Structure formats: C-alpha cells, structure tokens
Amino acid sequence: MSMRAVVYDKPFTVTVREVEKPKILHPDDVIVKVTTTCICGSDLHMYEGRTAAQAGIVFGHENMGIIEELGEGVTLLRKGDRVVMPFNVACGRCANCEQGKSAFCTVVNPGFYVCSAYGYVSMGPYPGGQAEYVRVPFADFNALKLPPGTEHEEDFALLADIFPTGWHGVELSGFRPGESVAVFGAGPVGLMAAYSALLRGASEVYVVDRVPERLAKAKEIGCVPIDFGAGDPVDAILKLRDGKEVDRGVDAVGYQAVAQSGVEQPNAVLESLIRVVRPTGGLGIPGLYVPSDPGAPDAASGKGYISFPFGKLFEKGLSLGTGQCNVKAYNRHLRDLIIAGRAKPSFVVSHNLPLDAAADAYDKFDKRIDGYTKVLLHP
C-alpha cells in the first residue's frame, strides 16, 4: 500500500508524492494515522542543503495522530488512542534513557552521538511523519497518550518538539524563578523558551530577533522585544537595565546565526550571550550546532569548529548547558499544563494547511515571509 508524504528532492525543493506506507517491523511498533505534523526550523537546515540529507528522505519529526495498528508487544496503548511522539526516538531501556536523557539513547542510533529522530539526516532509520502515516518504534515509551477528541490539537502538536525544547533551553541555563532572561532568536523554539521562562516565574524576558512578526509575538506574551537590525542587541538590553546584565541567556538560533549586518556569523549569538549574562550566570543552548556543515561560511565552522571568547566565559564564571532536548523529561508535565489551561503554546502557530500545500509552505517559511512563523500540516 502507498500513502502521500513530503519528500526531499534537492536544496529548496520538496514534493508531496506517493511512498510506501509503513508496516509493523517489530512487536513494540505502532502505526499512527497522522492528524497533525509540523514544519520545524530544523527541517530548513536540510531543505536549504545545509546537511548531508540525500534525495528521497521523508521529512517530519513533529508528529501526532491516532493509533491504527499495534505490534503484539505493545501493552500500554490501544487502537484508537490519540498520541503525540517526541521528535527523538528512544528505547526507554538503556542507561541514558533510564536517567531521563532520552535524546542520547545509545540503542536506536548506534555509532552516532546524536539522537534518533523521525525524518532527519543521520538520526536513525525512521521515516518522517509529514505523511499520512508514521511508524513509531518502542511505542509504549515513545507515544504520549492524549485526551480523545480534537481539543487542544495545535497545542498538543507542539509537545513533539518546540514546547519541550524551549523549556529545555531555560532548564539548561540553570534558571530560577525571579531571574531575568535574554533569549536570542524568536523563531518557534525561541518564543517557546521565552514563554517557558514566563511560565516558570521570570522577572523579565528579553527576546532578540529582527523579523517584525516574531518580535510582535514576543511582545504579545509579555516579553521585551529587541530588534538587532536596529543596533547591537547587548547594548540595547544593557541600556534598558541601566548597565546590569541578565541572569540567564538562551541561544535559540544555532549555527546559522547572522551578525547585525545580515552576514552569516556562526558565533554571533554565543559572543552576545557571554557579554549579556552576569558573572556566575548561565547559558542554555538548545539551538542546533552540527559537526559538519556543507554550506558554512568558512572552513573551520564547516567542520563544526566555532570560535568564541572562552576566556571571557571563564573569567565571568559562566555555566553552559547544551544538547538536544530530552522531550520525555518534560512532555507529560507540559501536556498537563495545557489540559489545565495553564499553558497555550499554540500562540506561535501561524498556518494550518493541508499536506499538499507543503512545498509552498516550506518556501515561505524559509523566506520568513507572509507571516509564516509556525506551520502545521494536516494529511
């Protein structure tokens, strides 16, 4: 049997076409009929040719839907259950999974130091969910049950990646209630980091970006928007704070950071964070950095070598936390915040579109035009 899916053809080109429908391959598998799947900023790295992704890969690591078929080893789930899956596939049984470090599962992607994910280059053999169906391995561990029906569909879809990842960025920084935070990047993850800081009791949150729609979203939720196109963002934050640095900083941009001039500069955000965070403060870096980058602006960063002022980091006694989000450590609690009405992360969603609109949606999201901030696709 076949199904429709979003397939990568070449840089800046995806198409929706017929591919083979997934099958149960292991007793712990389930097959989910996808109801909502999201386009992520991380997908753009592949879309733009900035990874080793080969033609034919099915995209989509932010997926939710209804269980249609179960392997005989699945015990906690039932046909018809509504579920959302962490973007990082994990076994639930290895030493890292047992410690809550599911992003660093040692079983599902042997030979790599990165997590496994649906539809992502070098992250395991798991086709993506920007499709009508997706296979979920180790399903009892990886599928989070949701209330039946369609309520909170947009909010729950964001539990696959960006809401937990934003929360994780704040966690990595060592944040404590009452502290001030500067978030660099107001894409979906950056906005989720800012929102998470507010939910957790931040006194002030500054959000740095240059896209007007993104800065407007940050202001809507009670953050202070900082347009780095208008001047040095660190200077702007320090001026607003009478020269005082912030307690914590979050890098929600990653290796495709740009300088104020608009020229790509991979270390731009790291340098700014070291400047803007107070001595003994902390940096959380959920923004993606990669060990190789075919489109890097220089040879060093092409090999994953990013220069930044480590001497100043040391002098200020800053702590630094990095790495992919351990979604399983957060998604159950964040789900319950949504159900209780305490959190509504779907404020970042700009478009709900049919799967067949994926090619145009990728183009507009990549160009940051027409208000495309977070796109949800519905097969």
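Rounded to the nearest 20 debye, the dipole magnitude of the chain is 600 debye, with +1 charges on Lys and Arg beta carbons, -1 on Asp and Glu beta carbons, and the Cα centre as origin. In order along the range 188-201, the Karplus-derived 3J(HN,Hα) couplings, from 6.51 cos²θ - 1.76 cosθ + 1.60 at θ = phi - 60°, round to x, 5, x, 5, 5, 5, 4, 5, 5, 4, 5, 4, 8, x Hz, and Gly and Pro are given as x. The ranking of Val107, Val250 by Cβ neighbour count inside 10 Å, starting from the fewest, reads Val107, Val250.
Enumerate the whole-percent occupancy of each 10 Å bin, from 0 to the last occupied one, for all C-alpha pair distances of the chain. The percentages, shortest bin first, are 5, 25, 35, 25, 9, 1, 0. Applying 1/(1 + (r/R0)^6) with R0 = 56 Å to the Cβ-Cβ distance of Leu353 and Thr280, what FRET efficiency is obtained, to the nearest 0.05? About 0.75, to the nearest 0.05. Taking the charge dipole of the range 164-322 about its Cα centre, with +1 at Lys and Arg Cβ atoms and -1 at Asp and Glu Cβ atoms, the residue from Pro297, Cys223, Ala252 reaching farthest to the positive side is Cys223. The spacing between the range 143-191 and the range 15-71, judged by their C-alpha centroids, is 21 Å. Please give the residues of the range 35-78, grouped as numeric ranges, whose backbone N is less than 18 Å from a label point set 7 Å along the Cα-to-Cβ vector of Glu213. Answer for the range 35-78: 38-45. Projecting the Cα positions of Gly187, Gly311, Val170 onto the charge dipole of the range 164-322 (unit charges on Cβ atoms of Lys, Arg, Asp and Glu, taken about the Cα centre) puts Val170 furthest along the positive direction. Of the residues Cys40, Cys94, the one with the fewest other Cβ atoms within 10 Å heads the list, and the complete ranking is Cys94, Cys40. Mind checking which lysines have their C-alpha under 23 Å from Lys101, skipping anything on the same chain fewer than 8 residues away? Within the straight-line limit of under 23 Å, Lys101 reaches these lysines: Lys145, Lys328. Across the range 65-108, the residues whose backbone nitrogen lies under 16 Å from the label position 7 Å along the beta-carbon direction of Thr322 are 104.
Computed over Cα pairs, the Kirkwood radius of the range 129-243 leads via Stokes-Einstein (0.692 mPa s, 37 °C) to a diffusion coefficient of 207 µm² per second.
Taken together, the values in this text are just the output of simple stated rules run on the coordinates, not laboratory data. What you see is a predicted model, and the numbers here were worked out from it, not measured in a lab. Every residue, glycine as well, gets a Cβ built from its backbone with ideal geometry; the counts of neighbours run over all protein chains shown.
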